Each structure stands twice: as C-alpha cells, then as structure tokens.
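Only one structure is covered here, and it is reproduced in the block below.
Quick note: the coordinates plus some simple rules give every number you see, no bench work behind them. Keep in mind it's a predicted model, so treat the numbers as computed, not measured. All Cβ positions, glycine included, derive from the backbone under ideal geometry; neighbour counts span all protein chains shown.
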Amino acid sequence: MKLGSKKSSTLRINSISPSANLALNIFFTVYCILCLAPLILIFMVSITEQTSLVVNGYSFFPSKISFDAYKYLFSDLGKLFRCYGITIFTCVVGTFFCVLFTMLYAYPISRKSFKYRNFFAFFIFFTMLFQGGLVPWYILYTKYLRLQNNLIALIMPAVMNAFYVLVTKTFFSINIPDSVLEAARIDGASEFRIFWQIVIPMSTPVIATIALFSCLNYWNDWYLCLLYINDPKYYNLQYSMYQALRSLQFLTSSLASASGNVSSSLANVPGETLRMAMAIIGIGPIVFAYPFFQRYFIKGLTIGAVKG
Amino acid sequence: MPASVNITPETNIVTETEPNKKPIWKRSKFLKELSTNKALFLMLLPPFILVFVNYYLPMFGVIIAFKNFNYVDGFFRSPWAGFQNFRFLFMSDAAWRITRNTILYNLAFIVFGLIFALLFALALNELRSRFAAKVYQSVIFLPYFLSWVVVAYLVLAFLDPNGFYNKTLTKVLHLPEIEWYSSPQYWPFILILVNLWKNVGYGIVIYTSGIAGIDPEYYEAAVLDGASKLQQIRYITIPFLVPFMIVTTIINLGNIFRSDFGLFYQVPMQQGLLSPTTEVLDTYIYKALIMTGDLGMSSAAGLYQSVVGFFTVLLANWAVGKISPENRMF
C-alpha cells in the first residue's frame, strides 16, 4: 500500500514505457504463478485418485478425481479436532500472555522516571546476543521443570521475545508523551490505572502487531512439539502434519521392512493423496485468512522497522 | 532465587550518602527506588522471572559442555570433563563440515536475498498499476507465512520419486529421472531456492518501505533534468537504500553462525544421505542431543555456536557503528 503513494500526480509522466510495463507485468505474473504452483499441486494431488496417482505421478491435471483422502481423514474427526484444538489453545493462550507480558515489561523500561530502566532493558536485550543453546535449555525443561508432555512447554518458551519488547518500548516512548502520564498522576491515578486506562488504549497498533506476530508463531510451531511432546494426545497441527509426512514416507520407503502389521493395516489407505490432503487441511486456514491479515502484518513490519 | 537477582547489579550504583552500616546503605538506595516505583517493579516481575528462567538459566547451563553429563547425577553432580567434549568435537570431521555448511548457506542467503528483494522491490515500484503491484506483492509474500513442515510437503510434491519432476517434467522436457532425496549434490541449490522463495517477500516489504520514504521531489528534479528511469534508479533510489542495505547485511553477517533449523531439518526430510550438504550447526546439535543422545558433543557444539555467534554479533554491531552510528543496536 505504501508503494509510491507519495508520488505526486505531476509525476505521472515519469512512468515507464508501456512495453516495459507489459514486460514487468508478464514477469510478475509468471513469478506469482510459480509462487502458488506448489500449493496448487498439492491440492490437485489430494483430490487425485490413488491408483491413477501411482500410474501418472503427481500432476496439475489429475486424470481421475476422487475425494477418498478427505473422506478418510474426516472419518477420524476426533483426532483432527484434537490437533486443531491444541494449536488453537496454544495460539490463544500464548498470544494473550505474549501481549500482556510484553506490555508489562516494555512499559516500565520506556519510563524516563524509572531509574533502573537501562538495566532491565539490557537484561532482555542481552538474550538477543547470547543464548545458552539447545542442550541446557532442553535439560532445564525436561529434567528440572518436568514439562515434557505438558502444554506449558508449547507456550512458555515463545511468550517473551526481546524483539517484541524493544519494538513495544520504542512505540511507547514515541507515542505516549510524558506529559499525559504526568497529568494522570497529578489527578491521582495509580500506576496500574494509568497502565490500563491510558497506556493500553493508546497502543492498539502495537498490540495488534505483537498479537499477529505471536499468533502466527504459535500457529506454525512444530519445533517445541518435536522437542517436548511425545504423547500423540498433545500433538499440535503442524506436528501432526510432520508425523503424517514421516510415517507415510517410512511406509513407502524400501527400508520399511520391519513392523509388517502397520503396513498391512494401511494397505488400503489412499497413502500419498492422504498425506497431501492432510497438508491442505493444515494450510487452509492460513491461506484463507491471509488476504485479511497480510496488510496489518506489513504495517506491523514497518512499525518494527522504525527502529528495533 | 530469581527475585533476589535484580538486587545485585544495582549495588554498583554507589553514591556518597550519609554514613551508615555498609550493607544497609548499599541496599537502601535500591529499596527507596523500590518503594517509589513499587507498581513498575510489580509489573516487571512476572515477565522478568520468565525471561530469567527461559533465557538466563540455560546461559548458566552452558557449563554442561565442560561436564560428563548424565541425567541421573544431573547438572550439579555430573563429573567434570574439562575440554574433552570439545576435543572430540573438533577432532571429528563433523565440526568442519557443519561450520562450512552454516557459513556458506548463510552467505548465499544474504547475497541472493539482498539482490532479489531489491530488484523485485524496484520493479514493483515502477509498475503503472498500483493495484497490480499490491496483488503481486501479496502473492510473493504468501510463502513467508507457511511453516517449514508445509514447505517440506511442497518440496516433496515436486521431488518425490513419484512427484511432479520425475513423473511429468521428465516426460515433457526429456530430462533424466533423479533420486533427489539421495543425491546430496543438488541440495545446496534446492535449499537456496526454497529459502529465497519463502523469504523474498519479507525483504520486498522492507525495501518497499525504504523506497516509499524517499522524497518525491528528488525524482521531480531528475525528470526536469531529463534523467531516464534507469538513471533515476541508479542515482537516486539505490544511493538512498545503500545505508540500509549495508546495515541489514552486517546484521545478517552477525548472525552467520545461526541457521534456520526448520529449513535444514524439514525440507531435506532428515535423509541421512543428504547430510554432507544439508547438515548445519543447529541440526547437528539437535541430532546429537535427541537422536544419538551424545550430550557431550551436542553441548560442546552448542557452546561453540553461542560463543562464536556472540562475537560475530558484537563485531557486526561495531562495524555498523563505524558506518552509520544511528543504526547501532547498542
């Protein structure tokens, strides 16, 4: 939306020639089709009939259409709802705490009257420079906090993020003038009241940005599940997709000689189309929500780009 | 334990106040601030504890790399191992391979990411139809929002033995069939391409906002002087974006020791045959920890990554400070 919006109308003469414009348009159209092609391909595979898939391979134009894979997936609705439920739960709870904690941390360190603001700002900033790495973190969560197979392990690690805090802090110090806070204090408002009734209502743009970033982060997470969850009850959506990718890959690979009972029970399953149907079900919400949230996301990125 | 930590760093803010017994006077300053700004401290407390647990406890935990860690004895009672873990790590051929892969991939991502994002942003900016530019930008940005699991699916649909390449493209274009998932030589290209496809939209947004910040008067003056479109890009747009490009590049160079775990873990689908060209520090650390359970190697590699990464970030920040001080991170 920001593209050249500042150009004045007198500059209309200063645009590229129609032929160059056409060439660029053709180029971008082709590139956009290439961007979308993989998504279209897996959708097409998911509605191809399994036998024709084996004969013809993956194709954009299936010779025989069948919705068996979706029927099969929806026959086990409980499982599907469960992994969706886990993802939605972590998304909602995680985003709530992420926004709340980010605000709670960013507000004091944006206050010039707060003596230790530099210490606390550095405390969070330092986590961007140096991390303990995977091993101590993993041992802390599994051995000492005992969070294996616990939904807290899917939420807690992503709640605090130094980048969000610094963006929010910058937003506060630019957009919330000291005079407003001072006036409220003279009127006798407590710090908490100022925070809830003045600071929060004034920071909706940054709240929306952080919430969007955080929500996407939780929605797309499979890494925390990979590390801390091994009970299928708690698999989230992305991790279930990852499992579907792996286990069917295991079954189709020539190395899969062990565990014959598994392969026999899955022999009549629409294997590869099923896998792609699972992918479509996982991607669906993002693709449908995309047109609505992407411009807020772009706006948010430019808030952050001001200075982190 | 966490709550007491915020006392120590402040104690060095020493001023000559009235004589009192030392410990109390050292604390009193902090306590005074604590009572005047009670609410602010209360606000800070929950997120502070979370940051301490999630980020600072593991920082102390890097000591594990110098221990012969086992789960029974835990962090405190496992026997010391000195530099043994590091000796094993650097004597193995893995250390060189994963370091080389991490650095080369990151360099490729930085160079191609910069070039393509810049070219796309410049071209989008010149399109006559604003609406078309917005649509293209949105479509190119879409892959950025997909998770790496989804990307692994998309790549598989093309490269599977039964996939689009081996079943359709080979027939149409008369190409040889290729077992992609057991041919490591192709993977540098595949991973660079996939990373570019996923992330170029992000770069375009950043550069587009940079271009939008240029004062249109420069272009008006250039038009009056008869400058062509390419000349305007060459002498106005690019010079305006140069400081920005330098800063982004240096920051990315600072992160050259860190890699995107999802890209290297999900997209090659953990095929062992591909590891010579797809294994990077992060995947090595993960595999050593979870799959082979080699905690010594894993923690040594982790500390190696953290420490070298810390110094590259510091170096990058110093370099940014030299070139454009206002963009320094700290």
Review point. Along the positive direction of the dipole of segment B:94-327 (beta-carbon charges: Lys, Arg +1; Asp, Glu -1; about the Cα centre), which of B:Asn125, B:Ser182, B:Asn317 reaches farthest?
Key: B:Ser182
Revision key, fill the gap. For the pair B:Val72 and A:Ile26, the simple spin-label estimate (label points 7 Å beyond Cα toward Cβ) gives in nm 7.3 nm
Check your understanding: Of A:Ser203, A:Ser46, A:Ser17, which is the most mobile in a GNM of chain A whose springs link Cα atoms less than 10 angstrom apart?
Key -> A:Ser17
Exercise for review: Restricting things to alpha carbons, tell me how big segment A:175-241 is in terms of Rg and Dmax, in Å.
Suggested key: 19.9, 56
Study note, to complete from the structure: FRET efficiency (B:Tyr235, B:Val111; Cβ distance; R0 35 Å; to 0.05) is 0.90
Practice item. Give the long-range amide H neighbours of B:Lys67: residues separated by 5 or more places, or on another chain, with amide H under 5 Å away, using H modelled in the peptide plane at 1.01 Å from N. Key: B:Ala81
**Study point:** Selected from B:Asp282, B:Asp225, B:Asp73 as most flexible by GNM, with chain B as the system and alpha-carbon contacts under 10 Å
**Key:** B:Asp225
Study note, to complete from the structure: Pseudo-spin-label distance B:Ser28 to A:Phe119, built 7 Å along Cα→Cβ, given in nm, is 1.8 nm
Practice item. Sticking with the crude label model, points 7 Å out along Cα→Cβ, report the distance from B:Leu42 to B:Leu193 in nm, one decimal please. Key: 6.0 nm
Check your understanding: Mind checking the log10 I(q)/I(0) for chain A at q = 0.09 Å⁻¹? Debye, one equal scatterer per Cα, no solvent, two decimals.
Key -> -0.69
Review point. Counting pairs of Cα atoms in segment B:146-227, how many percent are more than 16 Å apart?
Key: 68 percent
Point to revise | Choice from A:Arg185, A:Arg275, A:Arg117 with maximal GNM fluctuation in chain A (Cα, 10 Å cutoff) | key: A:Arg185
Study note, to complete from the structure: If amide H atoms are modeled at 1.01 Å from N in the peptide plane, then the residues at a separation of 5 or more from A:Thr48, or on another chain, having amide H under 5 Å from its own are A:Ser66
Review point. Using just the C-alpha positions of segment B:94-327 as equal point scatterers, what log10 of I(q)/I(0) does the Debye formula give at each q in 0.13, 0.15, 0.16, 0.17 1/Å?
Key: -0.93, -1.12, -1.19, -1.26
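Only Lys, Arg, Asp and Glu count, each charged at its Cβ (+1, +1, -1, -1), so figure out the dipole size of chain B about its Cα centre, rounded to 20 debye.
On the way: 24 positive and 19 negative charges, 137 e Å.
Using only the charged Cβ atoms, the result is roughly 660 debye.
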Point to revise | Within-13-Å neighbourhood charge of B:Ala227 [Cβ basis; K, R +1; D, E -1] | key: 0
Point to revise | Residue range of chain A that is longest and free of chymotrypsin sites (Phe, Trp or Tyr not before Pro) which are both DSSP loop and sparsely packed (at most 15 other C-beta within 10 Å) | key: A:68-308
Practice item. Would you mind pulling out the separation of the Cα centroids of segment B:125-174 and segment B:38-77, in Å? Key: 42 Å
Review point. Short version: ³J(HN,Hα) in whole Hz for each residue of segment B:297-306, in order, from phi by Karplus 6.51 cos²θ - 1.76 cosθ + 1.60 (θ = phi - 60°), x for Gly and Pro, what are they?
Key: 4, 5, 5, 5, 5, x, 5, 4, 5, 4
Point to revise | Longest to shortest principal axis, alpha-carbon extents of segment A:82-188, angstrom | key: 50, 32, 22
Check your understanding: Where Rh is the Kirkwood radius over the Cα pairs of segment A:1-137, the temperature 37 °C and the viscosity 0.692 mPa s, what D in µm²/s does Stokes-Einstein return?
Key -> 147 µm²/s
Revision key, fill the gap. The ³J(HN,Hα) series, computed from each phi in segment B:239-254 with the Karplus coefficients 6.51, -1.76 and 1.60 at θ = phi - 60°, rounded to the nearest Hz and given as x for glycine or proline, is x, 5, 8, 4, x, 5, 5, 5, 5, 4, 4, 5, 4, 5, 4, x
**Study point:** Phi-based couplings in Hz for segment B:132-137 (Karplus 6.51, -1.76, 1.60; Gly and Pro marked x)
**Key:** 4, 4, 5, 5, 4, 4
Check your understanding: Which value in Å is the Kirkwood Rh of the protein assembly as shown over different Cα pairs?
Key -> 27.4 Å
Check your understanding: What angle, in degrees between 0 and 90 and rounded to the nearest 10, separates the Cα long axis of helix A:77-110 from the longest principal axis of the Cα atoms of chain A?
Key -> 20 degrees
**Study point:** Restricting segment B:102-196 to GluC sites (Glu not before Pro) in coil, as DSSP defines it, with at most 16 other Cβ within 10 Å
**Key:** B:Glu177, B:Glu179
